[in-house]
Amino acid sequence: SSPPRSRLITSQMAAALAPTARSRSLPSFGSRKQRQLEAIQHLVTRHIQEPSLAELVAAESFAPTSTERGVTQWEHGHVVAALDVLNTYQRDRKAQFSMGILGHRPGYNRNYRADPRTRLIELLKRWLRERASSPTVDEGDLRNISALCRDTLNHTRLFPSRNSRSFLRTMAEVYDHLQWQLREVLERDRTCAELVQRALTLSRNLLSDAVGYLLVAATDMKQTDALPSLEVVALWQSLPTGIRPLPSRADPSLQKAMQTAWKSRCGQLVGALVSTTWCVRLFDGASAQEEASSALTDTADVPSLIEEVRAEFERGIFRNSGLCGSFRKPTAKGARESFLSAVEVAFDLAYLLGEALVQFHRISDGLGDYGMIRVSPWLHPFLEALVEKVQRLKSSLEKLNMEVEDSLIKARAKSQKVDPPTPSDRMCTRAHGAIARAVTNRESHAQLLLQALEELRSRSAPERLPHLIEGLGDACLQLENVLSSPYFRARVGDSFPDLPPLGASHVAAALAASTTAARSPASRLPRIADRDDGVTWEFGGSLTSPTTRSSEEGTLSPPRQSRPVDCYKAAPVIVGSNPFDADIVEDIAPAAVAIAPAPRVTEEAETARCTTPPAVEVPSVRGSQLLGRLGSRARALSTGAADLRPWRGNRGPQAPAAPPPGEGALRAEVSRLTSAFRGRGLRRHDRRSLLLDGGRLHIFDKGSSTQVKAVVDISKDVLDSSMVGDVVLSIMLKRAPQGATPESGVTDLKAYWFEFPSSELAAAFQKEISELRSMKGILP
């Protein structure tokens, strides 16, 4: 029997439409596909800097990857979410008939292996997979890949689709996730350790490109064409035996090729620079020190070598100089001086980086932001010197580059005569790339390094210390509430042990034990002299054994103003060679929220302890800037509740009137400062009166000179006081929180910043507070 007429018509229509079935991803005309590919190639060239990613778009041997995630553990949630969006698009992608049949447009599966959409998807997937498990995502890379997705959304006519999950919708979702990830990157503050590491990385890049530029820009050393790389670690392979820092890495063929170049005066300067002790430490770390110790250059010869070459250039001796002909003329004196100045500054910069900055990096790795804030009296002057050297190197290289451009590059382009000998074309190409990376590019090594150093200075500012300690106290408070809650006990079960109170004595004992066990001679800090009193602390030995140096004879003599300790109210914490031990205990221990009660001490034990003075001396150091006034903190730290009695202040509705000031009292009208937005800097909050009299600090109500808000016992309640700049005094107090009694042992922290009208008045308050705090644990 014949089929019904309606079914026959439907089958005929389907047969007629079958040849015209197509995907919205594959246009019916080759011109659209070509336009898609050209548009994607243009966007990738504009936004992608990595050659391996850019090649994916135009590669002939192209194959799509799996639609599985391919990442086991991830660090960035939005990055891996964007990867899942792309995999879902590829997995669900279908072709559709170009025309509907009875109001329906059926789809069918089809493999897409090398069309423009797939190529861009694979580029994004590779980038996302590489960054998903990386600890950090570079802001610049994230902005570039995000801009690529955003610009793709402008081509709606070029990428049409009828699928519910279309190509452009997928790009929009990926763009959203990348923008959210960028927000997290911008909101995340980098730690001091990360900033020091970034500064070291940029410094290595800057010095390496500066050395390469000095080697090929203004010289005639064509032997460098045989070198596969001009990086410092590669130059070590070609150095001659006399200045070779790492003999095991020598390459005889490169040594032979560069033999004549290293004998020239310019070659000697560069060779001596890259073979110094600190240069090896900076570029190859401590692993190469043992091998290099017996073969390193005498660093005292480098400055004298620079002066010898300068004297020869002044006399017009250029026979073995290594300079190209254009810079041997009498009129090129400025270019020669720029060359020598760049070598001199690079030598100084390598010393600062390889000898000092790497040690600051060790401190930041071990103690984090806290350690860098504590060494800020050392760090900040060092950063200023480092910035000055970077700017001088940048200036010298820019001046030399201007001379090279005028005398060599432009002269050749204008068919002008260039005096021989001249650098090779490869030398000119290498020089141009090195100077662009080091100095002249918008995001050059020098520019980024200066930004990193400024950010490190801001991050390690002393005014951040109260914020850091307050954060620790808040974390301890919340942790104690969680660990002691019934809900926590229900989750961990009855087998979970009863936790001891997080008291100061526990913190002090743990820190003292850990720091004593971990202490080694290699980790000791150098001797630092107090500029005010001439007191010198030898960190290699006891902190309580200072000496003074006689400026006339250069000898060491006993310290002045020393006094023996008669009695300690509690057993002292033994502080060894690490100057951070006492600071860590004193700063972090008061942040504990449950202070253990003081042990009961018998009268006999108290008498024995007081009549047997410790065999140490405590210097009376005025105005010391030794790591946050280390002199006043080298004393024993009391760990009982008697010395940690909390200060509550007078918070009642009726504040007491100010007492009549006694003789020698200090009074000042100050501005109380509070944290600015996101803790960056300080801002004025209100006006206060301060009265320091009889060992107590009276803090008045805002705007009042008669009503006292709180009275602080300096010797018992002040944990820390320091000058922030010239006129700002920072004071850290411990106090009992609302609802707690002084006998409970529960403490909280309170930070004050007071801006004084003059630096002299601020210094007078700080001096008096320091002297009163020095009585802690000494007087009964």
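At 0.36 nm per residue, minus the direct Cα-Cα distance, what do Lys410 and Val492 gain on full extension? Give it in nm, one decimal, please. Intermediate values should be presented prior to the final figure.
Numbers: separation 82, 0.36 × 82 = 29.52 nm, distance 7.64 nm.
The span from Lys410 to Val492 would gain 21.9 nm if fully extended.
Write down the accessible area per residue of the stretch 377-434 in Å², having rolled a 1.4 Å probe over the full set of protein chains.
Numbers: 3080 Å² over 58 residues.
Ligands and nucleic acids excluded, the result is 53 Å² per residue.
Out of the stretch 404-466, which GluC sites (Glu not before Pro) are coil in DSSP terms and have no more than 12 other C-beta atoms within 10 Å?
Working: sites: Glu405, Glu443, Glu454, Glu455, Glu463; in loops: Glu443.
Sparse-neighbourhood loop GluC sites (Glu not before Pro): Glu443.
What figure in square angstrom, to the nearest 10, would you give for the accessible area of Leu367 with a 1.4 Å probe?
60 Å²
Can you list which of the trypsin sites (Lys or Arg not before Pro) found in the stretch 186-253 are DSSP loop residues with at most 13 other C-beta atoms within 10 Å? Mind dumping the intermediate values first?
Values: sites: Arg188, Arg190, Arg198, Arg204, Lys222, Arg249; in loops: Arg188, Arg190.
Of the trypsin sites (Lys or Arg not before Pro), the ones in loops of the stretch 186-253 whose Cβ has at most 13 other Cβ atoms within 10 Å are Arg188.
How large is the accessible surface per residue of the stretch 679-733, computed with a 1.4 Å probe and reported in Å² as a whole number? Don't skip to the answer; put the middle values down first.
Details: 2210 Å² over 55 residues.
Ligands and nucleic acids excluded, the figure is 40 Å² per residue.
Considering only Cα-Cα distances, which of the following residue pairs are longer than 19 Å: Lys329/Lys394; Lys263/Lys333; Lys263/Lys399; Lys702/Lys734; Lys222/Lys263; Lys709/Lys734?
Working: Lys329/Lys394 24 Å; Lys263/Lys333 22 Å; Lys263/Lys399 26 Å; Lys702/Lys734 21 Å; Lys222/Lys263 13 Å; Lys709/Lys734 16 Å.
Where the Cα-Cα span goes over 19 Å, the pairs concerned are Lys329/Lys394; Lys263/Lys333; Lys263/Lys399; Lys702/Lys734.
For Val724, what residues show an amide H to amide H distance below 5 Å, using hydrogens built from the backbone and excluding near sequence neighbours?
Residues meeting the amide H criterion: Leu729, Ser730.
Applying a 10 Å radius around every beta-carbon, put 304-310, 708-714, 412-418, 262-268 in order of their mean neighbour count, most first.
Details: 304-310: 15.7, 708-714: 19.0, 412-418: 9.7, 262-268: 20.6.
Packing order, densest peptide first, comes out as 262-268, 708-714, 304-310, 412-418.
Given a 1.4 Å probe and every protein chain left where it sits, what share in percent of the accessible area of the stretch 182-254 is carbon and sulfur? Let's see the in-between values first.
On the way: 1450 of 2810 Å².
Carbon and sulfur: 51 percent of the exposed surface of the stretch 182-254.
Can you tell me which lysines have their Cα less than 18 Å from the Cα of Lys33? Leave out same-chain residues fewer than eight positions away.
Lys94
The values are calculated or read from the model by the stated rules, or taken from the named source; none is laboratory data. Small disclaimer: the values here were computed from a predicted structure and weren't measured. Please note: Cβ atoms are built from the backbone with ideal geometry, for glycine as well, and neighbour counts cover all protein chains shown. The protein model used for the area step is the full one, side chains on, heavy atoms only, and it has no ligands, DNA or RNA in it. Shrake-Rupley method; radii C 1.70, N 1.55, O 1.52, S 1.80 Å.
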